[in-house]
Amino acid sequence: MSIPEDGVTVASGRIAVMRTRMLLLGLVFGLTAASARTQEIDWDAVTEEAVSTLREYIRFDTTVPPGDVRGSADFLQEILEREGLPVTRFEPGPGKVNLFARIESATAEPAHKPILLLHHMDVVPADASRWGDVDPFGGELSDGYIWGRGAMDMKGTGTMHLMAFLTLKRQNVALDRDVILMAVADEEIAGPLGARYMVDNHYDALDPEYVLDEGGFGSREMYAEDKLVFSISVAEKQVVWLKIRAEGVSGHGSQPNADNPNDRLVRALGRLLDAPFPSSPSPVVRALRETLGTLAENKFTNAIQNTTLSLTSLQSGVGSPPKINVIPSVAEATIDCRLIPGTDASEFIEEVKAGLGDDGLTVEVALVGEESVVTPHDTPLYRALASAIVRHNPEATVVASLIPYGTDSNVFRHRGALSYGLLPMVLTASIVSSMHSDAERIPVSEVEKAIRIFYEALIQVAGT
Ligand SMILES: [Zn+2]
């Protein structure tokens, strides 16, 4: 560590990162006076600090369950307090911590409500035996990647937020609104003691106009073939979980009967799955198609364009293991459905029943998630993010998109906050699919750009 003239402690030394300086030099004239300050920032040092911070952050095993995030919360708190940023901390349950720090507006009466940089500290479990030589909680740096559970989801994004936030503070940037950095628990279990707890109990302390969260990313293959596309997520899909139950007549396997519940269930599921839902695409999907033309064909683009059903379990048989020569009296299936915004959940459930084509089956609704709220993308923060992305990736097309899974954003959207999901890095399909899987990692070469995109967007929207 060294202490440069301005008294700010930063890591010294250099690492190999993709350089965009030449490119930016030509573009700097187009930036605002506030962002011109970026020339004074030693981005190599910021990048190196980000890499070492993320590596250390990954080493806290915050797997949920149990989702004990105290160690990682202490780690973040120490960093923030060292920079003179007071931390407000809540411990709503054993091991569960949510904390935030705020850089205040320079004006006594802020011109606008805050921007909230939101990330979660908890991670999903990692099966170390499937990671080869890599320790999922080692924070290893090799082959140009930072490896580990949470590298992408979501300690990586959180670290990029943190570095943009610390840079704002260190540069003493005058703001016309507060910028808040918040880290929460429990996102991977839908946030009862994390974001949801904060929204239900401490919303007044946050009250953001904007939330920056996870969701979108850049890719040359995921959205369209050979085309660099950055998505900024503006909505999620609504979850509907269904249990389908067939009852019939049990008997000896040697004498098939017409009321075998397995037969009924399998035939009904076959009818349902063979006739995919003609879901009417939401305006977000229509705009996505208009901008990109034909989308690449993969499970991700299918999921962001359509209401989907996944048959996730089939349960039947008598005895354990089930006896092969016994026809059971009951068979059950579960279906995980994800609805495109604008789809009416109860109408959808009726369509599923009709699709099964068997009134004798019981369809039980196990869960109807909160309705999706779509954040409009005609806003200053969206535009600022999009233009910062293009400054650093001149060939990129930026699109507003859906994400097929849930995040903490939706609870904020229900309170009226404008929430965008973005990790502004170019990722390969195999990196994207490492999320929640094995070998999760992010490329070091994208770290500097990601921090700068966040920083420049914050300056543009929150700078005086
Ligand atoms: Zn996440």
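Only the coordinates and a few stated rules stand behind these numbers; no lab work does. Being a predicted model, the structure only gives us computed values, none of them experimental. Positions of Cβ are generated from backbone atoms using ideal geometry, with glycine treated the same way; all protein chains shown enter the neighbour counts.
Under the rule of at least 5 residues apart or a separate chain, name every residue whose amide H is placed under 5 Å from the amide H of residue 214.
422
Please report, largest first and rounded to whole Å, the three semi-axes of the ellipsoid equivalent to the stretch 341-387, where each semi-axis is the square root of five times an eigenvalue of the C-alpha gyration tensor.
In descending order, the three semi-axes are 38, 10, 7 Å.
Please express the shape of the chain as an equivalent ellipsoid: the semi-axes are the square roots of 5 times the eigenvalues of the C-alpha gyration tensor, given largest first in whole angstrom. Walk me through the numbers before you get to the answer.
Values: eigenvalues 394, 111, 92 Å².
Value: 44, 24, 21 Å, ordered largest first.
Return 159, 294, 407 ranked ascending by Cβ neighbour count within 10 Å, so the fewest neighbours appear first.
294, 407, 159
At most 12 other C-beta atoms within 10 Å and a DSSP loop state: those are the exposed trypsin sites (Lys or Arg not before Pro) I care about. Give me the longest piece of the chain that has none.
Value returned for the longest uninterrupted segment is 20-322.
Report the longest stretch of the chain that contains none of the GluC sites (Glu not before Pro) sitting in a DSSP loop with at most 16 other Cβ atoms within 10 Å.
It works out to 105-224.
What is the extension gain from residue 349 to residue 129, computed as 0.36 nm multiplied by their sequence separation minus the C-alpha to C-alpha distance, in nm to one decimal?
75.2 nm
So what's the Cα pair-distance distribution over the stretch 47-155, bin width 10 Å, in %?
Values per bin, smallest distances first: 13, 38, 31, 14, 3, 1.
Could you run the Karplus curve 6.51 cos²θ - 1.76 cosθ + 1.60 with θ = phi - 60° over the stretch 360-366 and give me ³J(HN,Hα) per residue in whole Hz, x for Gly and Pro?
Going residue by residue, I get x, 7, 9, 10, 9, 8, 7 Hz, with x marking Gly and Pro.
Residue-wise, which Karplus ³J(HN,Hα) couplings in Hz belong to the stretch 215-232, taking 6.51 cos²θ - 1.76 cosθ + 1.60, θ = phi - 60°, and x for glycine or proline?
x, x, 6, x, 7, 8, 9, 5, 8, 8, 5, 6, 9, 6, 10, 10, 9, 10
If R₀ is 25 angstrom, what is the calculated FRET efficiency for the pair residue 207 and residue 172, using the beta carbon separation as r and rounding to 0.05? Could the numbers behind the result be given before it?
Numbers: r = 25 Å, r/R0 = 0.98.
Calculated value: 0.55.
Give the residue from 47, 85, 328 lying farthest towards the positive end of the charge dipole for the chain; charges sit on Cβ (+1 for Lys and Arg, -1 for Asp and Glu) and the dipole is referred to the Cα centre.
Value computed over the given set: 47.
Taking H as built 1.01 Å from N, whose amide H comes closer than 5 Å to the amide H of residue 440, not counting residues under 5 places away?
148
Using Cα atoms only, what is the angle between the long axis of helix 70-82 and the major principal axis of the chain, expressed in degrees (0 to 90) to the nearest 10?
It works out to around 20 degrees.
Go ahead and run the numbers for FRET between residue 302 and residue 108, Cβ-Cβ distance against an R0 of 56 Å, rounding to 0.05. If you can, show how the numbers build up before the last one.
Numbers: r = 51 Å, r/R0 = 0.91.
With R0 = 56 Å, the Cβ-Cβ based efficiency is 0.65.
What value in Å³ per residue do you get for the convex hull of the alpha-carbon atoms in the stretch 238-368? Write down the numbers at each step before the final one.
Numbers: hull volume 15.2 nm³, N = 131.
Given the Cα convex hull of the stretch 238-368, per-residue volume reads 116 Å³.
Taking R0 as 60 Å, what FRET efficiency do you get between residue 245 and residue 91 from their Cβ-Cβ distance, rounded to the nearest 0.05?
FRET efficiency, residue 245 to residue 91: 0.90.
Quick one: what are the phi-derived ³J(HN,Hα) couplings along the stretch 167-181, Karplus 6.51/-1.76/1.60 with θ = phi - 60°, whole Hz, x for glycine and proline?
5, 4, 5, 5, 7, 6, 5, 6, 10, 9, 7, 6, 10, 10, 10
For helix 261-274, what angle does its Cα long axis make with the longest principal axis of the chain, in degrees from 0 to 90 and rounded to 10?
Once rounded, one gets 50 degrees.
For helix 283-292, report the angle its Cα long axis makes with the longest principal axis of the Cα atoms of the chain; keep it between 0 and 90° and round to the nearest 10°.
70 degrees
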